[in-house]
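Participant: The following block contains the structure, expressed as C-alpha cells.
The numbers here are math on the coordinates, done by the rules we state, and not lab data. Treat the numbers as computed from the prediction; the structure is a model and nothing was measured. Don't worry about glycine lacking a Cβ; one is built from the backbone with ideal geometry, like all the others, and counts go over all protein chains shown.
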Amino acid sequence: MKEQPYFEQVYEVTRLCPEGRVTTYGAIADFLALGSARMVGWALRHSFSSEAIPAHRVVNGKGVLSGRHQFPSPTMMAELLESEGVEVKDDKVQDFKKRLWLPSEELL
C-alpha cells in the first residue's frame, strides 16, 4: 500500500474483503495506519458508483450498516450483503464477529 493516493489505498483494501465477510471503517484505517475511520467512510462515499469496489462490505465497529444511506436506495447495502450470504436484521450484520474480516490479521 505504498505511493498511492489515500482513497486508492482504501479501495484496494476494500476490494480484498472476501465475499460473505465484512470489515469496518476502523479496521481499514488501522491497517493503513493513515487517517481515521471517518476518512475511510469519506473515501468509500465516493466509490459507490463503481461496482469494482465492494463498499457494501464495510460497516461500523458494531456491525451496523451506517453507510446504507449513501447507496441508491437505503436497503441496497443489506440486499447486497444478503446476496452474499450475510444475514442482516434491523440494519445490523448478524454473527458480526464470525463474519468480521480484519485486514491487519488477514493480510500480514
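Participant: Between Leu107 and Asp90, what length comes free when the chain is fully extended (0.36 nm per residue of separation minus the Cα-Cα distance, one decimal in nm)? List each step's numbers first, then the result.
Facilitator: On the way: separation 17, 0.36 × 17 = 6.12 nm, distance 3.06 nm.
Between Leu107 and Asp90, full extension yields an extra 3.1 nm.
Participant: Sum up the charges of everything whose Cβ sits under 9 Å from the Cβ of Glu84, counting Lys and Arg as +1 and Asp and Glu as -1, but leave Glu84 out. It would help to have the intermediate numbers written out before the result.
Facilitator: Values: positive: Arg21, Arg57; negative: Glu19, Glu82.
Combined, the nearby Lys, Arg, Asp and Glu give 0.
Participant: Using modelled backbone amide H atoms (1.01 Å from N, in-plane), which distant-in-sequence or interchain residues come within less than 5 Å of Thr23's amide H?
Facilitator: Here the answer is Val58, Val59, Trp101, since their amide H atoms fall under 5 Å of that of Thr23.
Participant: Next question, about the same structure. Could you point to the label whose value was computed as Cα extents along the principal axes in Å for the structure here, given (i) 67, 22, 17; (ii) 38, 28, 21; (iii) 53, 30, 22?
Facilitator: (ii)
Participant: Here's something else I'd like to know. Summing Lys, Arg as +1 and Asp, Glu as -1, what charge do residues with Cβ under 9 Å from the Cβ of Leu65 carry, Leu65 excluded? Let's see the in-between values first.
Facilitator: Values: positive: Arg68, Lys92; negative: Asp91.
Value of the local net charge: +1.
Participant: Using the basic label-point model (7 angstrom from Cα toward the beta carbon), what is the Met76 to Lys97 distance in nanometres?
Facilitator: Result for the modelled spin labels: 3.3 nm.
Participant: I would also like to ask the following. Can you list the HN-Hα couplings for segment 95-108, worked out from phi with the Karplus curve (6.51, -1.76, 1.60; θ = phi - 60°), rounded to whole Hz and with x for Gly and Pro?
Facilitator: 6, 3, 4, 5, 8, 5, 10, 10, x, 5, 9, 7, 9, 9
Participant: Let me ask something else about it. Under a point-charge model restricted to the Cβ atoms of Lys and Arg (+1) and Asp and Glu (-1), what is the dipole moment magnitude of segment 6-96 relative to its Cα centre, in debye to the nearest 20?
Facilitator: Values: 9 positive and 12 negative charges, 64 e Å.
Dipole magnitude for segment 6-96 comes out near 300 debye.
Participant: Could you work out how far helix 6-16 tilts from the main Cα principal axis of the chain, as a 0 to 90 degree angle to the nearest 10?
Facilitator: The angle comes out at about 50 degrees.
Participant: Excluding Phe96 itself, calculate the net charge of residues whose Cβ lies under 14 Å from the Cβ of Phe96, where each Lys or Arg counts +1 and each Asp or Glu counts -1.
Facilitator: Numbers: positive: Arg21, Arg57, Lys62, Lys89, Lys92, Lys97, Lys98, Arg99; negative: Glu87, Asp90, Asp91, Asp95.
Taking every Cβ under 14 Å from that of Phe96, the sum is +4.
Participant: Which GluC sites (Glu not before Pro) from segment 1-73 combine a DSSP loop assignment with at most 12 other Cβ atoms within 10 Å? Show your work: numbers first, answer last.
Facilitator: Details: sites: Glu3, Glu8, Glu12, Glu19, Glu51; in loops: Glu3, Glu19, Glu51.
Sparse-neighbourhood loop GluC sites (Glu not before Pro): Glu3, Glu19, Glu51.
Participant: So for the chain, if I pair up every lysine 8 or more residues apart or on another chain, how many of those pairs have alpha-carbons under 26 Å apart?
Facilitator: Working: Lys62/Lys89; Lys62/Lys92; Lys62/Lys97; Lys62/Lys98; Lys89/Lys97; Lys89/Lys98.
Lysine pairs, 8 or more places apart or on different chains, close enough: 6.
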